[in-house]
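Colleague: Sharing a structure here in C-alpha cells format.
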Amino acid sequence: EQAKNDWVIFFDLDEIITAELGKEIVSSISLQNDFVAYYIKRNFFFLGKQIKHGGWQTDKSIKIFNKKNCSYNGNLVHESIKTIGKIGFLKNCVNHYSYKSFDKYNEKLNLYSQLQAETLYLKNKRPNLYHFFIRPCYRFWWQYIYRLGFLDKKEGFILAYVHSFAVFKRYLQLWMMYRKIE
C-alpha cells in the first residue's frame, strides 16, 4: 500500500535474480496485458546442492504484482498474495539459496512451527493423537516417497525428516500453549 508505483516486486534476501529473469520481469510488466501478477518458479538450494524433488520441483510464488489488484493475506507464516485478476507465469526461475548451515535452516523451521502454532491457537484448534503421530509421518512419506525426495539422496532424506519433525513440533507447541507451558 505504501509503494509509490503500481507494480511491486518482492524477493527474499536469499533469492538471486538472474540476468535473464531480470530482463523478463522488465519486459513482462512493460506489456499491456490482462495479468495483475506473475508467478516465478524457484530453484531451491540446500546445503550447497540444488534440490530437484521432494516438492521443490513445483515451488512457485507470486513475486511481481500490481497493487491495484493484489494484496497480502496477512498470514504469520508463508504470507501470500491475494489477487483479483489473471496471473501469468514467467519462464525464468529465481535461485533460492536457503540457509547454508543445517542449524540455521532448522532455526527457521522452528520459528515457522511456533508461528503456525500461534495461528492455530488463535483459531481455537486443539491437537490430538492424529496431529502428533499421523501428520508428521504423512509429511515425511509425502515429501520423501510421493514427491520423490529420495532422488535427492541424503539431502532429500534430511529435508523430509526435518520438515516432518517441524510438523510434530508445531502441534507440540500448540499443546504446550493450552497447558500454559513455556
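Colleague: With the requirement that a residue be among the basic types (Lys, Arg) and part of a loop (DSSP other than H, G, I, E, B), what does the range 29-50 give you?
Modeller: Within the range 29-50, none qualify.
Colleague: Right, here's the next one. Take the residues in the range 85-101 that are open to solvent by 100 Å² or more (accessible area, probe 1.4 Å) and modelled with pLDDT of 90 or more, then tell me which one is nearest to residue 66 (Cα to Cα).
Modeller: Only one residue fits best here, namely 86.
Colleague: Quick one: residue 161 ticks every box in (1) out of contact with any helix residue (DSSP H, G or I) (no Cβ under 7 Å at 6 or more places or on another chain); (2) of a type in the set (Ser, Thr, Tyr); (3) open to solvent by 90 Å² or more (accessible area, probe 1.4 Å); (4) modelled with pLDDT of 90 or more bar one, so which box is it?
Modeller: Of (1) out of contact with any helix residue (DSSP H, G or I) (no Cβ under 7 Å at 6 or more places or on another chain); (2) of a type in the set (Ser, Thr, Tyr); (3) open to solvent by 90 Å² or more (accessible area, probe 1.4 Å); (4) modelled with pLDDT of 90 or more, only one is false for residue 161: (1).
Colleague: Something else about it: Scanning the range 56-82 for residues that are more than 18 Å from the chain's Cα centre (by Cα) and open to solvent by 40 Å² or more (accessible area, probe 1.4 Å), which turns out farthest from residue 147 (Cα to Cα)?
Modeller: Result: 68.
Colleague: Taking the range 29-47, which residues are within 19 Å of residue 150 (Cβ to Cβ) and open to solvent by 60 Å² or more (accessible area, probe 1.4 Å)?
Modeller: Hit for the range 29-47 is 47, nothing else.
Colleague: Can you tell me which of (1) touching a residue at least 60 places away in the same chain (Cβ under 8 Å); (2) buried (at least 16 other Cβ atoms within 10 Å of the Cβ); (3) in a strand (DSSP E or B); (4) not aromatic (Phe, Trp, Tyr) is the one residue 53 doesn't meet?
Modeller: It is condition (3) that residue 53 fails.
Colleague: Taking the options 150, 133, 140, name whichever one is over 27 Å from residue 79 (Cβ atoms) and in contact with a helix residue (DSSP H, G or I) (Cβ under 8 Å, 6 or more places away or on another chain).
Modeller: 150
Colleague: In the range 63-163, which strands (runs of 3 or more DSSP E) lie fully inside it and hold 1 or more residues that are within 30 Å of residue 176 (Cβ to Cβ)?
Modeller: The qualifying strands (runs of 3 or more DSSP E) are 70-72.
Colleague: Please go through the range 140-182 and give me each residue that is closer than 12 Å to residue 51 by Cα and free of Cβ contacts under 8 Å to residues at least 40 places away in the same chain, ordered by number.
Modeller: Of everything in the range 140-182, those that are closer than 12 Å to residue 51 by Cα and free of Cβ contacts under 8 Å to residues at least 40 places away in the same chain turn out to be 153, 154, 157.
Colleague: Right, another one. Select from the range 1-28 the residues that are assigned to a helix (DSSP H, G or I) and open to solvent by 40 Å² or more (accessible area, probe 1.4 Å) and list them in ascending order.
Modeller: If the condition is that a residue be assigned to a helix (DSSP H, G or I) and open to solvent by 40 Å² or more (accessible area, probe 1.4 Å), then 19, 20, 23, 26, 27 are the ones that fit.
Colleague: Could you give every pair whose Cβ atoms fall below 6 Å, whose first residue belongs to the range 102-126 and is closer than 17 Å to residue 46 by Cβ and modelled with pLDDT under 95, and whose second residue is small (Gly, Ala, Ser) and in a helix (DSSP H, G or I), counting only separations of at least 6 or pairs across chains?
Modeller: What qualifies is 109/166.
Colleague: Among the residues of the range 119-139, is any over 16 Å from residue 55 (Cα atoms), among the aromatic types (Phe, Trp, Tyr) and open to solvent by less than 90 Å² (accessible area, probe 1.4 Å)?
Modeller: Looking for residues that are over 16 Å from residue 55 (Cα atoms), among the aromatic types (Phe, Trp, Tyr) and open to solvent by less than 90 Å² (accessible area, probe 1.4 Å), one finds at least one in the range 119-139, hence yes.
The values are calculated or read from the model by the stated rules, or taken from the named source; none is laboratory data. Just so it is clear, the structure is predicted and the values come from calculations on it, not from any experiment. Glycine also receives a Cβ, built like all others from the backbone with ideal geometry; neighbour counts cover every protein chain displayed. The protein model used for the area step is the full one, side chains on, heavy atoms only, and it has no ligands, DNA or RNA in it. Shrake-Rupley method; radii C 1.70, N 1.55, O 1.52, S 1.80 Å.
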